[in-house]
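Read the figures in this text as sums done on the coordinates, not as results from a lab. On a predicted model such as this, the values are computed, not experimentally measured, just so you know. Ideal geometry is used to build each Cβ from the backbone, glycine not excepted, and the neighbour counts take in all protein chains shown.
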Amino acid sequence: MLHARTAVSLNQLLAALPPSCAVESMLLTYDMAEQESISRSFQEIFKRFRRLDVLVNNAGIMEPAKLGMISQAALSRTLEVNLAAAILHMQGAAKLMTRSGGGAIVNMSSIVGRYGFEGQVPYAASKAGLIGATLSAAKELAAQRIRVNAIAPGYIETELNSQHNEEVHGQNLARVRMGRMGQPEDVAHLVRFLASDAADYITGQVIGVDGGMSL
Amino acid sequence: MENKLQNIFASSLGVPFESINDDLRYSEIPEWDSVAHMTLVAAIEEAFDIMIDAEDVIEMGSFAKAKLIVAKYLAP
């Protein structure tokens, strides 16, 4: 199952998948802030597949602003999408995974959730919250053989990080000991590992993918 | 459906079948606590092959309400 706000990006992703990934796919399009849509999607998954093996909570928004310039609306939006929606997805996934004997949940946190970053208070709070949610869910769901882990990417070349100006980009890059931005694939490799049976005894972990940025 | 649901309530909560009626409410008997509630919901889902949303799990505060909720999920 692939999820995004609009079908356009999903269809592009689907078209780019290699033949080895030629399996039955189900596209789900909804806004992460719509709780009813989340419930409806899990009902659809249940009706069509009767099970769920892996959930990757990857959606996220960031609206940089200094502390004194954070609006209530931006704060609510960030917490809703980055944290509340991820928890609701874990809730739905855990139900399906429990029925089929287990599964793996991977939550996309951030280096900012562990160490903070100036100008990103709501984003950092949401990602720190996601770490707390990950650890709690891991404790609660281990008995059902559901593993819950979080990834804390550093400075990765994504749409989210394209908002920075040259000065900020330079400052960020200077903090990365390996001297380059991470690529989405660097993170995807860990997602694949954590979702696989090779990680069968790993739960409740927060793993950095940051090229030494956190050192 | 009602009879089947009564059986599930009785076996999940460990109470006599005859004690299951519309007036039976969550936490009004010691057998129906939060832990038993999750067991009960799982048993209902299994028996009727449905998946109940979290909001409905929370709303399921009586046998009468449980009947309405299950009927909703069984509706075509």
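Using only the Cα atoms of the range A:1-72, construct the convex hull and provide its projected area averaged over every direction, in square nanometres to one decimal. Could the numbers behind the result be given before it?
Details: hull surface 27.2 nm².
For the range A:1-72, averaging the hull's shadow over all directions gives 6.8 nm².
Relative contact order (percent) for the range A:50-109, with alpha-carbon contacts under 8 angstrom and 6 or more residues of separation?
Details: 51 pairs, mean separation 38.7, N = 60.
Normalised by residue count, the contact order of the range A:50-109 is 64 percent.
If R0 equals 51 Å, the separation of the Cβ atoms of A:Ser20 and A:Glu167 corresponds to a calculated FRET efficiency of about 0.75. Here the sum of -39500 (n - 2.57) over DSSP H runs of 4 or more residues, divided by the residues of chain B, equals -18000 deg cm²/dmol at 222 nm, to the nearest 500. Between the residues A:His3, A:Val209, B:Phe17, the greatest Cα displacement towards the positive end of the dipole of the protein assembly as shown, with unit charges on the Cβ of Lys, Arg, Asp and Glu, is found for A:Val209. Once you've got the Cα coordinates, tell me which of B:Lys4/B:Lys65; B:Lys4/B:Lys72; A:Lys139/B:Lys65; A:Lys95/A:Lys127 are over 21 Å apart. The pairs that break the limit, which is 21 Å between Cα atoms, are A:Lys139/B:Lys65; A:Lys95/A:Lys127.
Mind giving me the FRET efficiency for A:Asp31 and B:Glu18? R0 is 51 Å, r the Cβ-Cβ distance, nearest 0.05 is fine. Don't skip to the end; give the middle numbers.
Details: r = 48 Å, r/R0 = 0.95.
With a Förster radius of 51 Å, E is 0.60.
Per-residue mean of foreign Cβ neighbours for A:94-107 is 1 (Cβ atoms of other chains, 10 Å radius).
Entry note, chain A: the mean residue ellipticity at 222 nm calculated from DSSP H runs of n ≥ 4, each adding -39500 (n - 2.57), is -14000 deg cm²/dmol after division by the residues and rounding to the nearest 500.
Of B:His37, A:His89, A:His164, how do they rank once you tally other Cβ atoms within 10 Å and put the fewest first? Let's see the in-between values first.
Working: B:His37 18, A:His89 21, A:His164 15.
Going from least to most buried by this count: A:His164, B:His37, A:His89.
Could you give the size of the charge dipole of the protein assembly as shown about its Cα centre, using +1 on the Cβ of each K and R and -1 on the Cβ of each D and E, expressed in debye and rounded to the nearest 20? The partial results should precede the final answer.
Values: 24 positive and 33 negative charges, 117 e Å.
Dipole size: approximately 560 debye.
Loop exposure criterion: trypsin sites (Lys or Arg not before Pro), DSSP state outside H, G, I, E and B, at most 16 other Cβ atoms within 10 Å. Applied to chain A, the longest stretch between such sites is A:67-144.
With a Förster radius of 51 Å applied to the C-beta separation of B:Ser11 and A:Arg175, the computed FRET efficiency comes to 0.30. Within chain A, what's the longest run with no GluC sites (Glu not before Pro) in a DSSP loop and at most 15 other beta-carbon atoms within 10 Å? Give the range, please. Here the longest segment lacking exposed loop sites spans A:35-117. In order along the range A:27-40, the phi-based Karplus estimate (6.51 cos²θ - 1.76 cosθ + 1.60, θ = phi - 60°) of 3J(HN,Hα) comes to 9, 10, 10, 6, 7, 4, 7, 9, 4, 4, 5, 5, 4, 4 Hz; Gly and Pro are listed as x.
Taking every alpha-carbon pair under 8 Å whose residues sit at least 6 apart, the range A:93-215 reaches a relative contact order of 32 percent. Across the options A:Ser126, A:Asn107, A:Ile70, the greatest Cα extent toward the positive end of the charge dipole of the range A:54-136 (unit charges at beta carbon of Lys, Arg, Asp, Glu) belongs to A:Asn107. If you take the Cα centroid of the range B:25-76 and the Cα centroid of the range A:126-194, the two points sit 37 Å apart. Taking a ≥ b ≥ c as the square roots of the eigenvalues of the alpha-carbon gyration tensor, the range A:56-215 is classed oblate because a/c is 1.5 or more while a/b is no larger than b/c.
Residue by residue along B:13-22, Cβ atoms of other protein chains within 10 Å of the local Cβ number 0 on average.
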